[in-house]
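Engineer: Sharing a structure, written as structure tokens. Questions coming.
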Amino acid sequence: MTTTLSPDQARALWEAGGFALLTGLPMGSETGMDGTFHTINVFAGHKFVPPGLHSVVWSATPTSSSSTTTPSSTEGKPQSEASASADIAAAFPIRSAFLHFWQPKERVVLHYDPATESTTRKPGSPPIDEAELQALDPQMAPYPFAQLAAWKSLSTHITPPVLVRVCPSGRVDSLTAAAGEEGDEIKELRAAVNKGAATNAAAGEPLAFPVFDLKRSWNEGASGEEVTRWSRDKSMLLARVCAEVGGPAALLGHLQLSHILVSQVWSYASLSPYKRLLRLLCRSESALADPAAVGLPQSTRDVYIALLSTLAAQLRALPNAAFDTELPDMREFYELEIDALRKGLGHALGERGWWGKVGEVGAKWKDLQAAAADKGLVLLEVSAGDEDSDEEEVL
């Protein structure tokens, strides 16, 4: 991009844009912004950063000292167990990230210390003066504007309150825990890697996605008939979780954030929240048909339309072979949950509140079908009306 900019264009972007500086990474490290990743040589960060939410992600090349298993990590263990831990650490490259809402012209400075394998944010306003910034210019990459539209489609509903609720510091890595989610696998990985003290995981700051039990989705004091109904239809649970996080739009923001952490930061602990949130949204049939009937705002319908666009963007963001390699269980999960959403939409579109939105839903669904087909998934058409009747209208 820099080779095609005129001096006037570069000067205008320099004066109007923000900066995401990341210094100290060893040669051969991987870094990027908003879903782009590159192996670096000499690198000091990104310039021309537009206002809004962005994610800086990096994976540092291990130094000779950090790549060697320390005596404290193997002492007292059988040789085979110590070797297994080292193998896990070597095979699981850890990504770290900083998520932040950039203000116009804001300068954020992060520094990676290879000795401690920790990253700190430089304080001050601004944290770097103009002369220092100019000196680093040759080592800075321009913001990847070609990726901006795709990034925005993944993060439309992530607001500052959503980010602060889930990750107050904005700092997260592959081994950061999630409240109520940690299992044996992530504990073993964290122990094997022995990350530096500056990571969220080591600092004891778990990700705070909403925690709820999908198997107990009825309200307290429900009758037997109500338990049966609301154990299948998760709408009552959806209403309670939405009240906890700030509404349906905020809930969609949590879903988007969990997907970004899984796909870009390789956050193992964020996968369960993502699956649980998507299942909750896809299996709340009454909330889809008539949000007010379960205490949700009428704007819930627009959130569901946005969910269709979000799912299309999320599928497109996954590597082509993701279901064959990194996420083999997700193929069936997506097919089942999106089909449940399809059936719920089919029933809902016959309701009066949806009449003016049928065309928009049809267009969004076709786009989702195309994104799914690119990943080898087959989605059926949405049929307006009861699927068991003969009076169906295929959108």
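The values are calculated or read from the model by the stated rules, or taken from the named source; none is laboratory data. Please read all numbers here as calculations on a predicted model, not as lab measurements. Backbone-built Cβ (ideal geometry, glycine too); neighbour counts: all protein chains shown.
Engineer: Among what's in segment 14-47 and is at positive phi and over 23 Å from the mean Cα position of the chain (by Cα), pick the residue that is surrounded by the most Cβ atoms within 10 Å (Cβ to Cβ).
Structural biologist: Gly24
Engineer: Further question on the same structure: Please find, among Gly344, Gly350, the residue that is in the same structural domain as Ser272 (by TED's automatic domain parsing) and touching a strand residue (DSSP E or B) at 6+ places or on another chain (Cβ under 8 Å).
Structural biologist: Gly350
Engineer: Same structure, new question: I need a count of the residues in segment 132-168 that are outside any helix (DSSP H, G or I), within 22 Å of Ala243 (Cβ to Cβ) and out of contact with any helix residue (DSSP H, G or I) (no Cβ under 8 Å at 6 or more places or on another chain).
Structural biologist: Of the residues in segment 132-168, 1 are outside any helix (DSSP H, G or I), within 22 Å of Ala243 (Cβ to Cβ) and out of contact with any helix residue (DSSP H, G or I) (no Cβ under 8 Å at 6 or more places or on another chain).
Engineer: I'd like to verify a number: residues in segment 34-48 that are over 17 Å from Asp137 (Cα atoms) and touching a residue at least 60 places away in the same chain (Cβ under 8 Å), how many?
Structural biologist: 4
Engineer: Restricting attention to segment 212-265, and to residues there that are part of a loop (DSSP other than H, G, I, E, B) and touching a Phe, Trp or Tyr at 6+ places or on another chain (Cβ under 6 Å), which single residue is nearest to Val303 (Cα to Cα)?
Structural biologist: Ser217
Here's the yes/no breakdown for (1) in a loop (DSSP other than H, G, I, E, B); (2) under 23 Å from Pro319 (Cβ atoms); (3) of a type in the set (Lys, Arg); (4) modelled with pLDDT of 75 or more:
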{"residue": "Leu22", "(1), (2), (3), (4)": "no, no, no, yes"}
{"residue": "Pro26", "(1), (2), (3), (4)": "yes, no, no, yes"}
{"residue": "Phe43", "(1), (2), (3), (4)": "yes, no, no, yes"}
{"residue": "Thr63", "(1), (2), (3), (4)": "yes, no, no, no"}
{"residue": "Ile94", "(1), (2), (3), (4)": "yes, yes, no, yes"}
{"residue": "His100", "(1), (2), (3), (4)": "no, no, no, yes"}
{"residue": "Val109", "(1), (2), (3), (4)": "no, no, no, yes"}
{"residue": "Ala115", "(1), (2), (3), (4)": "yes, no, no, yes"}
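Residue-by-condition table, conditions (1) basic (Lys, Arg); (2) touching a residue at least 12 places away in the same chain (Cβ under 8 Å); (3) surrounded by 19 or more Cβ atoms within 10 Å (Cβ to Cβ); (4) closer than 22 Å to Glu360 by Cβ:
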position	(1), (2), (3), (4)
Val227	no, no, no, no
Ile260	no, yes, yes, no
Val265	no, yes, yes, no
Ser272	no, yes, no, no
Leu277	no, yes, yes, no
Cys282	no, yes, yes, yes
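Engineer: Only one residue in Ala317, Ala348 is modelled with pLDDT of 95 or more and under 18 Å from the mean Cα position of the chain (by Cα), so which one is that?
Structural biologist: One residue alone meets the criteria, Ala317.
Engineer: Here is a follow-up. Count, please, the residues in segment 105-129 that happen to be over 18 Å from Asp173 (Cα atoms) and either of a type in the set (Phe, Trp, Tyr) or touching a Gly at 6+ places or on another chain (Cβ under 7 Å) (or both).
Structural biologist: Number of matching residues: 3.
Engineer: Read through the list (1) modelled with pLDDT of 95 or more; (2) within 15 Å of the chain's Cα centre (by Cα); (3) hydrophobic (A, V, I, L, M, F, W, C), then give the number of the only condition that Leu175 fails.
Structural biologist: Result: Leu175 fails condition (1) only.
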